[in-house]
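Student: To start, I am sharing the structure in question, which I have written as structure tokens.
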Amino acid sequence: MAILLDGKKTATEIKAEIAAEVVQLLASGKRAPQLAAVLVGNDGASETYVNNKEKACREAGFSSRVLRLPATIGEAELLATVAALNADDLVDGFIVQLPLPGHINEQKIIEAIAPEKDVDGFHPLNAGRMVIGLPAYVPATPAGIMDLLERYKIATSGKNCVVIGRSNIVGRPVANLLSQKSYPGDCTVTLCHSRTKNMKEICLQADLIVAALGIPEFLKGDMVREGAVVVDVGITRVPAANKSGFRLLGDVKFDEVAPKCSYITPVPGGVGPMTIVSLMKNTLKAYSRQWGIKN
Ligand code: GUN
């Protein structure tokens, strides 16, 4: 049976390391790092993500700010909010939670964020710098996956890696990072998507599979070879007869896949908690730049 890549435990450890750094900063008379989040409308999943980010910030001694704006807000008004956060010296980094309502041009908003405060790493400058291997803010989910692989000392050099899903937030950046000349990295990466032929045959060649397509239980047991490492990025809400009215399903059919794996992430408690600490690491990086502290 596979070893669980325990994101919850690893994230707790990293959060404690970040909290210790914050204690040192405060002891030397500096202010706490600040992360701000802009939440437009009241999408349930986005609310949950932002609440979790706020809670994690509190736990690590960051200050945090959530700007809740109505779904009816105009693009110009949202751009003005972004400009105000860019100009606010107390805000080290901020995110605009996606997706945005349909009448707002998401890309225009992302490009309005000052790259040095873009702790999501979605601005083209950060995305481009990451692709060519320059220091950049790396999107939180891919960064969290890389940290998890590193903390569990998963061998990646020369391995066949299959990434399923080509989103700008996860699939493409993680495929890029895994192909870079570094550890974790040095993989031979295949990026699969909805038009891929022979998905099963390709997956069966993989030493490492990152499933990030957003289709619950897509990756079945017969698509995974013995000893593979599987990282499940999916968190789809499906209706359930419990208090919240839903439960979370990953992109991996866990019961079938786990018995074949050497390592696998659970859902929940795998990639999700790692994502939040990566965002905090990026915020600390943004803060340190502002204070002239080398990192
Ligand atoms: N929506 C889903 N994931 C993310 C994320 O990492 N950042 C932002 N801003 N929105 C998201």
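Student: Hey, got a sec? Which trypsin sites (Lys or Arg not before Pro) in segment 14-106 land in a DSSP loop and have at most 15 other Cβ atoms within 10 Å?
Tutor: Those that pass, being in a loop and sparsely packed, are Lys30, Arg31.
Student: On to the next question. Could you check how much of the accessible area of the chain is carbon and sulfur, as a whole percent, using a 1.4 Å probe?
Tutor: C and S atoms contribute 55 percent here.
Student: Under the rule that a partner needs its Cβ under 4.7 Å from the first Cβ, which Cys of the chain have none?
Tutor: Within the chain, the cysteines lacking a partner Cβ under 4.7 Å are Cys57, Cys192, Cys203, Cys261.
Student: Hey, what do the phi angles of segment 195-210 turn into as Karplus ³J(HN,Hα) couplings, whole Hz, using 6.51/-1.76/1.60 and θ = phi - 60°, x for Gly and Pro?
Tutor: Here the 3J(HN,Hα) series is 9, 5, 8, 6, 3, 4, 4, 5, 5, 5, 8, 8, 7, 9, 10, 10 Hz.
Student: Also, quick follow-up: Simple spin-label model, 7 Å along Cα-to-Cβ: Lys181 to Arg289 in nm?
Tutor: Using points 7 Å along Cα→Cβ, the separation is 2.5 nm.
Student: To continue, here is another question. Sorted from largest down, what three extents in whole angstroms do the Cα atoms of the chain have along their principal axes?
Tutor: Here the Cα extents, ordered largest to smallest, are 52, 42, 39 Å.
Student: Rounded to the nearest 10 Å², what accessible area does Tyr137 have for a 1.4 Å probe in the complete protein model?
Tutor: Only protein atoms counted, so the area is about 10 Å².
Student: Of the cross-linked pairs Lys53/Lys153; Lys53/Lys159; Lys9/Lys159; Lys15/Lys153; Lys159/Lys285; Lys200/Lys281, which ones have a Cα-Cα span greater than 24 Å in the structure shown?
Tutor: Lys53/Lys153; Lys53/Lys159; Lys9/Lys159; Lys159/Lys285; Lys200/Lys281, as the Cα separations exceed 24 Å there.
Student: Contact order normalised by length for segment 146-285, with contacts defined as Cα pairs under 8 Å and 6 or more residues apart; what percent is it?
Tutor: For segment 146-285, the relative contact order is 20 percent.
Student: Provide Met1, Met199, Met280 ordered by accessible surface of protein heavy atoms (probe 1.4 Å), highest first.
Tutor: Per-residue accessible area, sorted high to low, gives Met1, Met199, Met280.
Student: Using modelled backbone amide H atoms (1.01 Å from N, in-plane), which distant-in-sequence or interchain residues come within less than 5 Å of Ile154's amide H?
Tutor: none
Student: Segment 89-154 to segment 211-233: how many Å between their Cα centroids?
Tutor: The two parts, judged by their Cα centres, are 25 Å apart.
Student: Given N residues in segment 50-115, what is its alpha carbon radius of gyration divided by 2.2 N^0.38 Å?
Tutor: Cα-based Rg divided by the globular estimate yields 1.16.
Student: Same structure again: Just in segment 186-295: which GluC sites (Glu not before Pro) are loop by DSSP and have at most 15 other Cβ atoms within 10 Å?
Tutor: In loop regions of segment 186-295 (DSSP not H, G, I, E or B), the sparsely surrounded GluC sites (Glu not before Pro) are Glu226.
Student: How large is ³J(HN,Hα), in whole Hz, for each residue of segment 36-46 in order, when computed from phi with the Karplus curve 6.51 cos²θ - 1.76 cosθ + 1.60 and θ = phi - 60°, using x for Gly and Pro?
Tutor: Going residue by residue, I get 10, 10, 9, 10, 9, x, 9, 5, x, 5, 4 Hz, with x marking Gly and Pro.
The values are calculated or read from the model by the stated rules, or taken from the named source; none is laboratory data. This one's a predicted model, so the numbers in the text were calculated from it and none came from an experiment. Quick reminder, even Gly has a Cβ in these numbers, built from the backbone with ideal geometry, and neighbours come from all protein chains shown. In case anyone asks, the SASA skips ligands and DNA or RNA and just uses the protein heavy atoms, side chains included. Shrake-Rupley method; radii C 1.70, N 1.55, O 1.52, S 1.80 Å.
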